[in-house]
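Working notes for the structure below.
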Amino acid sequence: MPRFFIDYVPEEQTTIVGDDARHISRSLRMKPGERLVLCDSIGTDYNCEITRISDEGVVVRVLNFCKTVAEPTVKVTIYQGLPKADKMDGIVQKSVETGAVRVVPVLSGRCVSRPDEKSAAKKVARWQKIAEEAAKQSGRGVIPQVSPLMPFRAAVEEAAQNGSILLFYEGGGSSIAQLVNRESGNLAVFIGPEGGFEKSEVDFVLQNGGQIGTLGPRILRTETAPIAALAAIMLASGNM
């Protein structure tokens with residue numbers, strides 16, 4: 001069923017307005033009697049039936065509600081070394097589909113792309129829109145946040161306060177099976193840009209209580225690594 005995010009708890013009868021209403025009536029060409037899902041963005045789905053469509057909006061009746069089944073028990077934030085070109089678009093999209101709850105673009109030592117503040121803000125706004133569309137498509141119960149561009153050391157210090165840090169390094173480390181299990185809670189996953197991480201950055205993660213992981217003997221592209229890591233984490237934590 002079509003899925004739409006709302007930022008409120010719907011009443012028994014609720015009117016959908018704005019872009020979503022136009023999408024329902026004009027793009028999807030839905031009719032009274034058809035059903036859709038409203039999600040309150042905090043993990044609850046409301047199964048609804050359309051009762052009326054007008055210029056003022058789409059009126060729906062809430063039939064029932066339930067917890068969104070698509071949200072994983074492990075909460076993974078992807079701290080992604082900022083890649084070149086438009087690779088971040090795909091990273092955000094696939095990270096949301098695979099289960100990340102947040103994506104943070106990180107400016108590390110070997111990042112080639114270094115946008116100014118205005119350009120970075122525009123990019124983040126676009127990535128947030130991509131995250132919302134990916135959340136709708138994949139049946140997520142929340143819209144993962146795409147945070148503003150953050151310097152590497154600040155990102156590590158933030159992550160250290162909010163859970164376990166896993167940095168995936170081409171120089172080797174522990175396997176995901178050793179680092180993640182069904183009891184895992186909040187995980188901060190650090191992925192390097194095209195040139196990988198500098199040794200000093202790896203050392204800084206260790207100094208802040210982080211662990212170093214490996215994604216196997218193959219060197220993955222920066223846009224492949226976060227998706228491989230997320231898929232393996234979801235499997236190891238019982239979410240796949």
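Some notes on this structure:
- Of all lysines in the structure, those lying under 22 Å Cα to Cα from Lys118, and not within fewer than 8 positions of it along the same chain, are Lys84, Lys87, Lys129.
- Rg(Cα)/(2.2 N^0.38 Å) for the stretch 89-150, N = residue count: 1.13
- Computed over the chain with a Gaussian network model linking Cα atoms closer than 10 Å, the most mobile of Thr51, Thr68, Thr222 is Thr51.
- Trypsin sites (Lys or Arg not before Pro) within the stretch 1-47: DSSP coil, no more than 14 neighbouring Cβ in 10 Å: Arg29
- Electrostatic dipole magnitude of the chain [Cβ: Lys, Arg +1; Asp, Glu -1; Cα centre; debye, to 20]: 520 debye
- Computed over neighbours whose Cβ is under 14 Å from that of Pro144, the net charge equals +2, Lys and Arg +1, Asp and Glu -1.
- Qualifying GluC sites (Glu not before Pro) for the stretch 31-127 [loop in DSSP, other Cβ within 10 Å: at most 11]: Glu56
- Principal axis dimensions, largest first and in whole angstrom, of the stretch 3-67 by Cα: 29, 20, 17
- Under 15 Å, Cβ to Cβ, from Ile219 - net charge with Lys/Arg +1 and Asp/Glu -1: 0
- Local charge for Val205 was computed over the other residues whose Cβ lies under 12 Å away, with Lys and Arg +1 and Asp and Glu -1, and equals -2.
Bear in mind these aren't lab numbers, they're just calculated from the coordinates by the rules spelled out. What you see is a predicted model; the values in this text were computed from it and never measured. No Cβ is skipped: glycine too gets one built from the backbone with ideal geometry, and neighbour counts run over all protein chains shown.
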